[in-house]
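Below: one structure, written as structure tokens.
The values are calculated or read from the model by the stated rules, or taken from the named source; none is laboratory data. This is a predicted model, so every value here is computed, not measured. Note: ideal-geometry Cβ built from the backbone for every residue, glycine included; neighbour counts use all protein chains shown. These accessible areas exclude ligands, DNA and RNA; they are computed on the full protein's heavy atoms, side chains included. Shrake-Rupley method; radii C 1.70, N 1.55, O 1.52, S 1.80 Å.
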Amino acid sequence: MDPELRELYQQVILDHHRHPRNHRDLEDANRRAEGYNPLCGDRINVELRLGPDGVVEDVGFSGQGCAICTASASMMTECVKGKSADDARALFEGFHDLLTEESYEEARATDLGKLAVFAGVREFPVRVKCATLPWHTFRSALDQEGRLVSTE
Ligand code: ZN
């Protein structure tokens, strides 16, 4: 990873860790799920309000996670709010590929916008689950499976 992106990665993660966005309970949520990553101990609750037209009208998270988990949850809420459920799922697919595909083509990362800084997590495989847990939990909330999501 080039030094500039690494620098940006650290800044963005730290900023979202210290000042998480949408870190709150949603009074009028109609979807929720709970996620757990036993590898790190991250626990997270994701709540959202899905509109009748399938748009994620609002989303919030709570729980206790490490810096990467918290930062990822914070950025996720910013990125999915206002998106259709389908677009949000597609974003997760792209994000997941960024973190897990061995031969990821960097050009694809432009579709991810600011989420692309998480490419830095690839260098720390044990942290990948920290970064993807909020998304897995979000998707479970969308599907309204209502069960505990575990990365194991
Ligand atoms: Zn973690």
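The table below lists the values:
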quantity: Principal-axis tilt of helix 67-80 within the chain, Cα atoms, nearest 10 degrees; calculated: 60
quantity: Between helix 85-100 and the chain: long-axis angle, C-alpha atoms, 0 to 90°, nearest 10; calculated: 30
quantity: Percentage relative contact order, segment 24-152, counting C-alpha pairs under 8 Å, at least six apart; calculated: 35
quantity: Protein-only accessible surface order, largest first, of K129, K114 at 1.4 Å; calculated: K114, K129
quantity: Orphan Cys of the chain, criterion: no other Cys C-beta under 4.7 Å; calculated: C40, C66, C79
quantity: Only Lys, Arg (+1) and Asp, Glu (-1) charged, at Cβ; the chain dipole about Cα centre in debye; calculated: 440
quantity: Under 18 Å from the Cα of K114 - lysines, other chains or at least 8 residues apart; calculated: K81, K83
quantity: Rg(Cα) / (2.2 N^0.38 Å) computed for segment 3-146, rounded to two decimals; calculated: 0.98
quantity: Share of carbon and sulfur in the accessible heavy-atom surface of segment 3-146 [1.4 Å probe, %]; calculated: 47
quantity: Acute angle (nearest 10 degrees) that the helix 3-18 long axis makes with the longest principal axis of the chain, alpha-carbon atoms; calculated: 30
quantity: Max mean-square fluctuation residue, GNM over the chain, Cα-Cα springs under 10 Å, options A73, A141, A116; calculated: A116
quantity: Surface accessible to a 1.4 Å probe, per residue, for the residues of segment 21-152, Å²; calculated: 46
